[in-house]
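K.L.:
This structure is in structure tokens; I'll ask about it shortly.
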Amino acid sequence: MYNTGGGVLTSSLQKNFNGSFNYNSGYNSTAAPHTFTTATWYHHVLTYDSSDKTTTIYVDGAKIGSYVLNTNTGSETFTEELVIGSYDASTNSFDGLIDQVRFYSKILSSEEVTTLYVDETTSTASSTTIIPGTSCVAYLPLDYDASDKSTNYDGTPTDVEFVQNGKINYSALFDGDTSQISLGDNDTLFGSSF
């Protein structure tokens with residue numbers, strides 16, 4: 001992520017009243033605050049452990065926080081679309097650049113997060129297998145469009161520009177207003193229960 005807004009931002013996975021979940025890297029949450037400098041690239045990783053409903057957030061390979069999403073004993077059901085770059089799929093868009101988005105079917109260890117941070121280079125940017133033996137279920141390099149290298153979960157961009165100044169090659173430019181990339185229903189990528 002390359003933030004053009006600056007200031008103290010937060011990263012979180014949030015449960016909404018309608019049962020949907022959002023990964024937030026914006027001003028509206030108190031979970032895992034981190035001060036970001038404008039015009040600087042940051043590597044974000046968020047993991048979620050459904051057994052204890054714990055989210056862990058890493059920035060540039062370092063853990064910055066963990067918290068329990070909620071204390072309900074049952075599983076949650078996804079009903080909303082999964083969106084990159086927008087808090088609520090209609091407003092509160094990220095203001096800056098996003099590049100190299102990956103989704104994994106397992107909880108990444110801190111060592112694997114470090115591997116992703118250190119080993120993401122121009123030569124690995126075309127691969128879904130930076131972490132050997134780990135299933136990368138979706139990889140959107142965001143070079144020229146929102147297509148998934150695995151060809152399973154192509155995104156649909158709205159008000160997103162693909163520009164040359166990415167971390168690696170091109171990146172997606174979000175306008176801070178209406179930009180977003182939709183990947184469809186949450187259960188398509190992660191299953192119906194969380």
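The values are calculated or read from the model by the stated rules, or taken from the named source; none is laboratory data. None of these values were measured; they are calculated from a predicted model. A quick note on method: Cβ atoms are made from the backbone with ideal geometry, for glycine too, and the neighbour counts reach across all protein chains shown. Heads up: the accessible areas ignore ligands, DNA and RNA and are worked out on the full protein's heavy atoms, side chains in. Shrake-Rupley method; radii C 1.70, N 1.55, O 1.52, S 1.80 Å.
K.L.:
Which residue, of V59, V83, is among the β-branched types (V, I, T) and either modelled with pLDDT of 85 or more or exposed (fewer than 14 other Cβ atoms within 10 Å of the Cβ) (or both)?
P.N.:
Residue meeting the stated conditions: V59.
K.L.:
Do we have any residue at all in the range 125-134 that's modelled with pLDDT of 95 or more and surrounded by fewer than 19 Cβ atoms within 10 Å (Cβ to Cβ)?
P.N.:
Among the residues of the range 125-134, not one is modelled with pLDDT of 95 or more and surrounded by fewer than 19 Cβ atoms within 10 Å (Cβ to Cβ), which makes the answer no.
K.L.:
Still on this model: Please work out which one of (1) at pLDDT 80 or above; (2) surrounded by fewer than 17 Cβ atoms within 10 Å (Cβ to Cβ) is the condition N70 fails and give its number.
P.N.:
(1)
K.L.:
Checking D177 against (1) modelled with pLDDT under 90; (2) assigned to a loop (DSSP other than H, G, I, E, B); (3) surrounded by 15 or more Cβ atoms within 10 Å (Cβ to Cβ), which test does it fail?
P.N.:
(3)
K.L.:
Restricting the range 86-111 to residues that are modelled with pLDDT of 65 or more and among the hydroxyl-bearing types (S, T, Y), which is most open to solvent (accessible area, probe 1.4 Å)?
P.N.:
S105
Matching residues to (1) closer than 17 Å to I98 by Cβ; (2) surrounded by fewer than 18 Cβ atoms within 10 Å (Cβ to Cβ); (3) at pLDDT below 90:
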position: T121; (1), (2), (3): no, yes, yes
position: T151; (1), (2), (3): no, yes, yes
position: G155; (1), (2), (3): yes, no, no
position: Q164; (1), (2), (3): yes, yes, yes
position: L183; (1), (2), (3): yes, no, yes
position: F194; (1), (2), (3): no, no, yes
